[in-house]
1. Quickly run through segment A:92-111 and pick out the residues that are open to solvent by less than 10 Å² (accessible area, probe 1.4 Å) and at pLDDT below 90.
2. Conditions first: (1) among the hydroxyl-bearing types (Ser, Thr, Tyr); (2) modelled with pLDDT of 95 or more; (3) touching a Leu at 6+ places or on another chain (Cβ under 8 Å). B:THR75 passes all but one, so which condition is the exception?
3. Only one residue in A:SER62, A:SER27 is open to solvent by 70 Å² or more (accessible area, probe 1.4 Å), over 21 Å from A:LYS110 (Cβ atoms) and away from chain B (no Cβ under 12 Å), so which one is that?
4. How do the pairs read when you match residues in segment B:16-35 that are over 12 Å from B:LEU68 (Cα atoms) with residues anywhere that are open to solvent by 40 Å² or more (accessible area, probe 1.4 Å) and of a type in the set (S, T, N, Q), using Cβ under 6 Å and keeping only pairs 6 or more apart or on different chains?
5. Checking A:TYR70 against (1) open to solvent by 50 Å² or more (accessible area, probe 1.4 Å); (2) under 25 Å from B:PHE91 (Cα atoms): exactly one of these is not met. Which one?
6. Give me a count of the residues in segment A:73-91 that are buried (at least 20 other Cβ atoms within 10 Å of the Cβ) and either of a type in the set (Lys, Arg) or touching a His at 6+ places or on another chain (Cβ under 6 Å) (or both).
7. Out of B:ALA56, B:ALA30, B:ALA84, which single residue is within 14 Å of chain A (Cβ to nearest Cβ), open to solvent by less than 50 Å² (accessible area, probe 1.4 Å) and over 12 Å from the mean Cα position of the chain (by Cα)?
8. Any residue in segment A:87-111 that's of a type in the set (Phe, Trp, Tyr): show its pairings with residues that are part of a loop (DSSP other than H, G, I, E, B) and crowded, with 20+ Cβ neighbours inside 10 Å at Cβ separation under 8 Å, as long as the two are six or more apart or on different chains.
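The values are calculated or read from the model by the stated rules, or taken from the named source; none is laboratory data. A quick note: this is a predicted structure, and the numbers were derived from the prediction, not measured. Glycine gets a Cβ as well: all are built from the backbone with ideal geometry, and neighbour counts include every protein chain shown. These area figures cover heavy atoms from the full protein model, side chains too; ligands, DNA and RNA do not enter into them. Shrake-Rupley method; radii C 1.70, N 1.55, O 1.52, S 1.80 Å.
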Amino acid sequence: GQNIDQPTEMTATEGAIVQINCTYQTSGFNGLFWYQQHAGEAPTFLSYNVLDGLEEKGRFSSFLSRSKGYSYLLLKELQMKDSASYLCAVRDNTNAGKSTFGDGTTLTVKP
Amino acid sequence: GAVVSQHPSRVICKSGTSVKIECRSLDFQATTMFWYRQFPKQSLMLMATSNEGSKATYEQGVEKDKFLINHASLTLSTLTVTSAHPEDSSFYICSATKTPGGDTQYFGPGTRLTVL
């Protein structure tokens, strides 16, 4: 199975940078995803890492270290609309490619 | 694009009734669809994996006779909550991938079920 840990809550200031960490223990690994979810809405895809290293996409970057079972999502130039829950999800290596989600990190951006 | 729709977006029903939720991939064929349930302030819990033309694979602890899944075509999967009870009240979300084990899951907007 998969075990995924991420902080429950974080607070940051508008315009700042915030890093949300995710650690995982898995029986099989085939990629790690980060999703953003606003209250009452479905998750939206942010990033995907399957190899070690940093993936940058605009204000958002995601890093993966498979040997350490560790990932982080980096958000730069924070905006008020970035206040949301951020979900770390690990995909297994079965044919179905199921993903197990962490409990999510609720980020609050303050003025 | 990759758009997934769900219908209805909200449903309120009486205890003991059955509710059907539809999940459609609008602009792509989805070989695999996933059904999740999310309780307030909790993460998504995978209920089942649905493949077109075959029986769904349920996660441990999910009653297959209570949560009936039908994936009749490459663009439609349905989840029927049978004999719903208040504890089934939750946010049900489907997702679809373009290929089996595809990189990205495209999520539907979710269905809020309230059982009175």
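1. Let us first name the residues in segment A:92-111 that are open to solvent by less than 10 Å² (accessible area, probe 1.4 Å), namely A:97, A:99, A:102, A:104-105, A:107, A:109.
Answer for segment A:92-111, where residues must be open to solvent by less than 10 Å² (accessible area, probe 1.4 Å) and at pLDDT below 90: A:GLY97, A:SER99.
2. Going through (1) among the hydroxyl-bearing types (Ser, Thr, Tyr); (2) modelled with pLDDT of 95 or more; (3) touching a Leu at 6+ places or on another chain (Cβ under 8 Å) one by one, B:THR75 breaks only (2).
3. Among A:SER62, A:SER27, only A:SER27 is open to solvent by 70 Å² or more (accessible area, probe 1.4 Å), over 21 Å from A:LYS110 (Cβ atoms) and away from chain B (no Cβ under 12 Å).
4. B:GLY16/B:SER83; B:ARG24/B:THR75; B:SER25/B:THR75; B:THR32/B:ASN51
5. Exception for A:TYR70: condition (2).
6. Count: 2.
7. On the way: B:ALA56 fails: over 12 Å from the mean Cα position of the chain (by Cα); B:ALA84 fails: within 14 Å of chain A (Cβ to nearest Cβ).
From the options B:ALA56, B:ALA30, B:ALA84, the qualifying one is B:ALA30.
8. A:PHE101/B:SER43; A:PHE101/B:LEU44
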